Amino acid sequence: MSAWYNEAVFYHIYPLGLTGAPKENRENEVTHRFQELFPWIEHIREIGCTAIYIGPLFESTTHGYDTRDYRLVDRRLGDNEDFKKFVALAHEAGIKVVVDGVFNHTGREFFAFRDIQEKREGSPYRKWYKGINFGGNNPYNDGFGYEAWRNCFELVNLNLWEREVRDYLLDVIRFWIDEFDIDGIRLDCADCLDFEFMKEMRAMTSQAKADFWLMGEVIHGDYSRWANDEMLHSVTNYELHKGLYSGHNDHNYFEIAHTIRREFDENGGIYRGRTLYSFVDNHDVDRIVSKLTNKEHVFPVYTLLYTLPGIPSLYYGAEWGVEGKKEGASDDGLRPRIVLEEMEKENPNSELTRHIKALGELRKGNETLAEGRYRELVLTNRQYAFARILGDEAVVVAVNNDEQPAEIRIPIPMEAKACTDVFTGEEISVEGGKICAELNACGSIVIKVTNQ
């Protein structure tokens, strides 16, 4: 039995956006918007997701990543008791909960930075941040300089080489585990974090909770530098993300196949044995339906997301085909307010929702898709077929980005006694060692192959 996170299907929530919270945290009183999220848990379970990644949700000044207090739920969302109940309800539904860990930087209203503003050289926290220079200045005219994340000076870079900073953050994580019973952390800006800090985090969290999961946001580079036995369990697979939409827009399945071959092929894939976090959109990039030239391609895109090697993640609203794009520097279009009752009323049993729900059911407890070896079977610009193989079973997947139906003949990847369409239950014909299947325009098929 593999770890829960390798078999999971994640549902990704940006809570400040979903609940329509104010852009700036200037409220004096707590507003219990979190309670609006309680009914979402049943919806998330019904569409086949088994884990929730939610964040950021700890007290911040604006967008959530300018942390003000690591031990409080953002008052725009509610209080700690609200989140504690959310996690408990999720666990009752068999759903794990993972939160954002923003450890590369804090906001300017964080207590340590405020202390430096007040006491300058006399502050005991002057070493908590990178590049503090009392002979310089910054755009906020504090009378001292500091290092900021990507020159966004509302985000002050923490000095993770300082022992007190590491100990403070590790205590914060222990608090989250003890107080809320969370199941994992998604590390914001993991590619900026100190490796030794992540090693300490892995050791501590594994001791605190044996199946605790650490996943990092990494965009470029060799993912195995972060995802390994000493540091993180997984990282974001941005390389695959790019191929999943452009491979369809360009009618070029070679791009997707090349990425997967390089990463996971059973003979030489550089990330074999690792399970990366797969997604087609999130709170930082345009929504998939807005990126696709042909909106119907969303169906094969999601088939690939759920069946290629990786841990699939569904961004909130995607099950209804919600669109959204960045507008200049604003991410508001990616993080819309959504009212669950309204969406369910407006989109009763839509084709896309049914497709995603069926894929979620397919993944549930499916060790072949979670652990199976990847083998490419057919590849053209417009059709692509592959197998996931584990023991005496294989799952064969074929997708079509053509606007016309296509017949496809797929070599059987193993000795087979039965080939069955997993969604219809129909037997699939086999001739001369090849599966004969017809793919709908912008369609896909998933076939279970057994030799028993």
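The values are calculated or read from the model by the stated rules, or taken from the named source; none is laboratory data. Values in this document were obtained by computation on a predicted structure and should not be read as measured data. Every residue, glycine among them, receives a Cβ derived from its backbone with ideal geometry; neighbour counts consider all protein chains shown. Areas reflect the complete protein model, heavy atoms only, side chains present, ligands, DNA and RNA absent. Shrake-Rupley method; radii C 1.70, N 1.55, O 1.52, S 1.80 Å.
When the accessible area of the stretch 245-336 is split by element with a 1.4 Å probe, what percent falls to carbon and sulfur?
Answer for the stretch 245-336 is 46 percent, counting heavy atoms of protein chains only.
In nm, what is the difference between 0.36 nm times the number of residues separating PHE111 and ARG71 and their Cα-Cα distance?
13.2 nm
Provide the solvent-accessible area of TRP4, counting protein heavy atoms only and rolling a 1.4 Å probe, rounded to the nearest 10 Å².
50
Just subtract the alpha-carbon distance of LYS417 and CYS436 from 0.36 nm times their residue separation and send over the number in nm, one decimal.
This chain segment gains 5.3 nm when fully extended.
Hey, what number do you get for the chain at 222 nm if only DSSP H runs of n ≥ 4 count, each worth -39500 (n - 2.57), divided across all residues, to the nearest 500?
Dividing the helical sum by the residues of the chain leaves -8500 deg cm²/dmol.
Per the 1.4 Å probe, what fraction of the accessible area of the stretch 72-203, in percent, lies on carbon and sulfur atoms?
45
Taking 8 Å as the Cα distance limit and 6 or more residues as the minimum spacing, I'd like the relative contact order of the stretch 267-387 as a percentage.
Relative contact order for the stretch 267-387 comes out at 25 percent.
Enter the accessible area per residue of the chain (Å², integer; probe 1.4 Å; all protein chains in place).
40
On a 1.4 Å probe surface of the protein chains, which of LYS84, LYS242 comes out largest in accessible area, and what is the full order?
LYS242, LYS84
Assuming R0 = 35 Å, can you tell me the calculated FRET efficiency for the pair LYS85 and ASN28, based on Cβ-Cβ distance, to the nearest 0.05?
FRET efficiency, LYS85 to ASN28: 0.90.
Which residue, chosen from LEU72, TRP4, PHE111, occupies the Cα position most advanced towards the positive end of the dipole of the chain, where the dipole is computed from +1 (Lys, Arg) and -1 (Asp, Glu) charges on Cβ about the Cα centre?
PHE111
Name the trypsin sites (Lys or Arg not before Pro) in the stretch 142-223 that are in a loop by DSSP and that have at most 13 other C-beta atoms within 10 Å, would you?
Here the trypsin sites (Lys or Arg not before Pro) that fit, given the DSSP loop and packing criteria, are ARG150.
Round to the nearest 10 and report in Å² the accessible area of CYS189, as given by a 1.4 Å probe over the protein chains' heavy atoms.
Rounded to the nearest 10, that gives 10 Å².
How large is the translational diffusion coefficient of the chain in µm² per second when you combine the Kirkwood radius over alpha carbon pairs with Stokes-Einstein at 25 °C and 0.890 mPa s?
This corresponds to a translational diffusion coefficient of 106 µm²/s.
With point charges of +1 on the Cβ of Lys and Arg and -1 on the Cβ of Asp and Glu, referenced to the Cα centre of the chain, which listed residue (GLY20, GLY243, GLY372) lies farthest in the positive direction of the dipole?
GLY243
Which order do ASP100, ASP79, ASP392 take by accessible area at a 1.4 Å probe, largest first?
ASP392, ASP79, ASP100
Over the heavy atoms of TYR245, what accessible area does a 1.4 Å probe trace out, to the nearest 10 Å²?
Per-residue accessible area (TYR245): approximately 50 Å².
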